[in-house]
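Structure first, commentary second.
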Amino acid sequence: MIYSIVGFGKGKTESAIGIAVRAMACGDDVLFVQFLKDGTSSEIDYFKNIPNIYTLFGIVDKITLPQNLTTIDKFKAQSLFCDVWERARGYNLVVVDEILPAVDMGLITLEQLEELVELCNANNIDLYMTGRVRQKSLRVKIAAIS
């Protein structure tokens, strides 16, 4: 299954954590990735001592907004995406929290997101994507690939 949890306000990351906990309770291996976050969020503390989850984080030192993006931000997002791409095949569930705003801001391309969806579909991996998307046309495209 491919899930995209999009919208303004609270609940997207909480939902992603919930699906990860459910998968782990069923014995599934989970790759939990947070784009645009550095791993210091309190919700991540729960995962620190659980064996069947692997977490990755975008190393950010600021609130990432369209008006303050740098080439370093793009490099970090691309590096994290490559890490997800390399690791995804080893998991039953891949959660990519905040990947959708990374696409919305051009840090990750829509084509890369589509390739990740195809990879997960081809390997029977559930993919759970979250984030706020400002562009309506992009929200429509994300809904279509989900």
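The values are calculated or read from the model by the stated rules, or taken from the named source; none is laboratory data. Keep in mind it's a predicted model, so treat the numbers as computed, not measured. In this analysis, Cβ positions are derived from the backbone assuming ideal geometry, glycine residues included, and neighbour counts consider all displayed protein chains. The area values use the complete protein model at the heavy-atom level, side chains included, leaving out ligands, DNA and RNA. Shrake-Rupley method; radii C 1.70, N 1.55, O 1.52, S 1.80 Å.
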Looking across the stretch 47-70 at residues that are modelled with pLDDT of 75 or more and more than 17 Å from the chain's Cα centre (by Cα), the single one that is surrounded by the fewest Cβ atoms within 10 Å (Cβ to Cβ) is Q67
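Just to verify a result, which residue in the stretch 116-135, among those that are open to solvent by 30 Å² or more (accessible area, probe 1.4 Å) and either aromatic (F, W, Y) or modelled with pLDDT of 95 or more (or both), is nearest to A20 (Cα to Cα)?
D126
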Taking the stretch 99-115 and keeping only residues that are crowded, with 23+ Cβ neighbours inside 10 Å, touching a residue at least 60 places away in the same chain (Cβ under 8 Å) and not β-branched (V, I, T), one is left with L100, A102, L107
Restricted to the stretch 71-96 and to residues being touching a residue at least 60 places away in the same chain (Cβ under 8 Å) and within 15 Å of the chain's Cα centre (by Cα), the residue surrounded by the most Cβ atoms within 10 Å (Cβ to Cβ) is V96
Given (1) under 16 Å from the mean Cα position of the chain (by Cα); (2) open to solvent by 30 Å² or more (accessible area, probe 1.4 Å), S42 misses just (1)
In the stretch 6-33, residues that are modelled with pLDDT of 90 or more and not in a helix (DSSP H, G or I) total 10
